[in-house]
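Some notes on the structure that comes next.
The values are calculated or read from the model by the stated rules, or taken from the named source; none is laboratory data. This structure is a prediction, so every number in the text was calculated from the model and none was measured. Counting neighbours? That spans all protein chains shown, and the Cβs are built from the backbone with ideal geometry, glycine included.
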Amino acid sequence: MIIIPARLASTRFPEKVLADIGGLPMVIRTAKRVASIDRVVVACDDEKILEICAAHGVEARLTSTTHKSGTDRINECAQIIDVPNDELIINVQADEPFIETEVLELLIERLNALKALNAPFIMGSCYNAINTESAQDPNLVKVITDADHNAIYFSRSPIPFNRSGEANYFGHIGIYGFTKKSLHNFCALGEAPLEDIEKLEQLRALYHGKKISMVKVASAGFGIDTVEDLERAKKIFGF
């Protein structure tokens with residue numbers, strides 16, 4: 001199933017998840033974008049989002065206002081709706097209204113392969129190639145991987161450092177997949193210093209020695225972090 005964490009407050013872009021995109025609030029457009037894949041539930045922290053979801057026929061659950069990350073929020077939602085421990089849960093960020101369904105399908109395929117191997121901890125995400133200019137943007141998270149396609153590190157800084165003049169850069173796409181059990185285990189881990197420094201929750205898993213399997217995809221979509229991002233996206237996607 002797909003759970004979309006939606007927090008009303010946003011420092012850089014107030015009430016971002018309700019920003020209008022072609023006549024629909026961002027969170028609703030994201031939910032409808034991925035609805036063909038599986039059941040979709042919005043995990044929100046405010047009655048305003050809950051009411052808007054209800055008005056658009058999107059399933060939603062109210063969760064705590066104190067969660068520090070979207071992953072903690074979807075974990076609570078998974079408990080509320082009693083998802084089975086071995087079911088896959090895909091965390092699609094509310095600010096990814098242009099994510100391609102093909103990207104989610106590739107992630108689900110990788111997660112099912114890990115399930116077939118009885119991996120003790122199952123967590124996956126996606127990335128794509130980006131140019132050098134994009135790598136300089138701190139709002140676009142970069143990732144480097146090992147030979148087995150597991151993440152080595154995520155950063156808002158350009159990684160790797162380009163000393164040779166031949167570096168390739170990869171941008172992290174903000175969707176995650178877990179089994180319900182692995183999601184619960186992730187949220188039970190202690191917060192990591194790196195997670196707080198970079199403000200990247202996925203670093204919690206790496207800090208505690210967990211593997212994050214990364215799927216390389218081709219994607220034109222991108223997360224909306226600022227008003228400028230939204231205006232750029234509207235032009236690109238014709239809204």
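Can you tell which of D82, D72, D45 is on the phi > 0 side of the Ramachandran plot and either buried (at least 16 other Cβ atoms within 10 Å of the Cβ) or out of contact with any Cys (no Cβ under 6 Å at 6 or more places or on another chain) (or both)?
On the way: D72 fails: on the phi > 0 side of the Ramachandran plot; D45 fails: on the phi > 0 side of the Ramachandran plot.
From the options D82, D72, D45, the qualifying one is D82.
Looking at I74, I4, I37, I49, can you tell me which residue is of a type in the set (A, V, I, L, M) and within 22 Å of E191 (Cβ to Cβ)? Steps first, please.
On the way: I4 fails: within 22 Å of E191 (Cβ to Cβ); I37 fails: within 22 Å of E191 (Cβ to Cβ); I49 fails: within 22 Å of E191 (Cβ to Cβ).
Going through I74, I4, I37, I49 in turn, just one is of a type in the set (A, V, I, L, M) and within 22 Å of E191 (Cβ to Cβ): I74.
Being under 14 Å from P97 (Cβ atoms), modelled with pLDDT of 70 or more and outside any loop (DSSP other than H, G, I, E, B) is the filter here, so list the residues in segment 213-234 that pass it.
Once the filter is applied, which keeps residues that are under 14 Å from P97 (Cβ atoms), modelled with pLDDT of 70 or more and outside any loop (DSSP other than H, G, I, E, B), segment 213-234 yields D229, L230, E231, R232, K234.
Could you please tell me which pairs satisfy a Cβ distance under 8 Å, a separation of 6+ or placement on different chains, a first residue in segment 125-142 that is farther than 21 Å from R110 by Cα, and a second residue that is part of a loop (DSSP other than H, G, I, E, B) and of a type in the set (V, I, T)?
Close Cβ pairs satisfying both conditions: N139/T226.
Yes or no: R110 touching a strand residue (DSSP E or B) at 6+ places or on another chain (Cβ under 7 Å), buried (at least 23 other Cβ atoms within 10 Å of the Cβ) and closer than 25 Å to L203 by Cα?
Spelling it out, it is not the case that R110 is touching a strand residue (DSSP E or B) at 6+ places or on another chain (Cβ under 7 Å), buried (at least 23 other Cβ atoms within 10 Å of the Cβ) and closer than 25 Å to L203 by Cα.
Check I81 against each of (1) closer than 14 Å to L183 by Cβ; (2) free of Cβ contacts under 8 Å to residues at least 60 places away in the same chain; (3) in contact with a helix residue (DSSP H, G or I) (Cβ under 9 Å, 6 or more places away or on another chain) and name the one condition it does not meet.
The number of the failed condition is (3).
I'd like to know if segment 159-177 contains one or more residues that are of a type in the set (D, E) and surrounded by fewer than 20 Cβ atoms within 10 Å (Cβ to Cβ).
Yes, there is a match, as at least one residue in segment 159-177 is of a type in the set (D, E) and surrounded by fewer than 20 Cβ atoms within 10 Å (Cβ to Cβ).
Name the residue that is surrounded by the most Cβ atoms within 10 Å (Cβ to Cβ), counting only residues in segment 10-24 that are in contact (Cβ under 8 Å) with a residue 12 or more places away in the chain and not in a strand (DSSP E or B).
Let us first name the residues in segment 10-24 that are in contact (Cβ under 8 Å) with a residue 12 or more places away in the chain, namely 12-13, 16-19, 21-22, 24.
This time we only want the ones that are not in a strand (DSSP E or B), so: 12-13, 16-19, 22.
On the way: R12: 11, F13: 17, K16: 23, V17: 28, L18: 18, A19: 20, G22: 10.
Only one residue fits best here, namely V17.
Against the definition (more than 20 Å from E201 (Cβ to Cβ), within 18 Å of the chain's Cα centre (by Cα) and modelled with pLDDT of 95 or more), how does A31 come out, yes or no? Can you show your working first?
On the way: more than 20 Å from E201 (Cβ to Cβ): yes; within 18 Å of the chain's Cα centre (by Cα): yes; modelled with pLDDT of 95 or more: yes.
It is true that A31 is more than 20 Å from E201 (Cβ to Cβ), within 18 Å of the chain's Cα centre (by Cα) and modelled with pLDDT of 95 or more.
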